[in-house]
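Reading through the structure tokens given below for one structure.
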Amino acid sequence: MKPERRNSNVGSRLFEYAENALRGEAEFLMLSTAVKNWRAILRFYIDELGMEFWSASLYKHIAGDGGKGEEIHEDRFRTARRAGLRPRLSDGAGSPSS
């Protein structure tokens, strides 16, 4: 969601539309998101939309692989940039910041 469209109920309406379209066709509605502000996204999906928390994927970039870490780190940095993230070399490529 573009920052200027947040808090305009567009996300809530889209979710409600998807939920209603799937009702009777599916038992569960699952989604995945990648954000820096995980607290806000959990508040939105759990508190406002009534979803339940089920799983989490966490990571920590550690090199120490015989010199391959820099190459891997650079590749992840480029991948994160293509995904629209603003990675910092100090905290790992594409790592969510709190």
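The values are calculated or read from the model by the stated rules, or taken from the named source; none is laboratory data. Just so you know, these numbers come straight off a predicted model, no measurement behind them.
To keep it simple, each residue is scored yes or no on (1) in the same structural domain as ALA83 (by TED's automatic domain parsing); (2) at pLDDT 90 or above; (3) of a type in the set (A, V, I, L, M); (4) at negative phi.
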residue	(1), (2), (3), (4)
LEU14	no, yes, yes, yes
ALA21	no, yes, yes, yes
PHE28	no, yes, no, yes
LYS36	no, no, no, yes
PHE44	no, yes, no, yes
ASP65	yes, no, no, yes
LYS68	yes, no, no, yes
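Check whether at least one residue in the range 23-33 is assigned to a helix (DSSP H, G or I) and hydrophobic (A, V, I, L, M, F, W, C), and report yes or no. No, the range 23-33 has no match at all.
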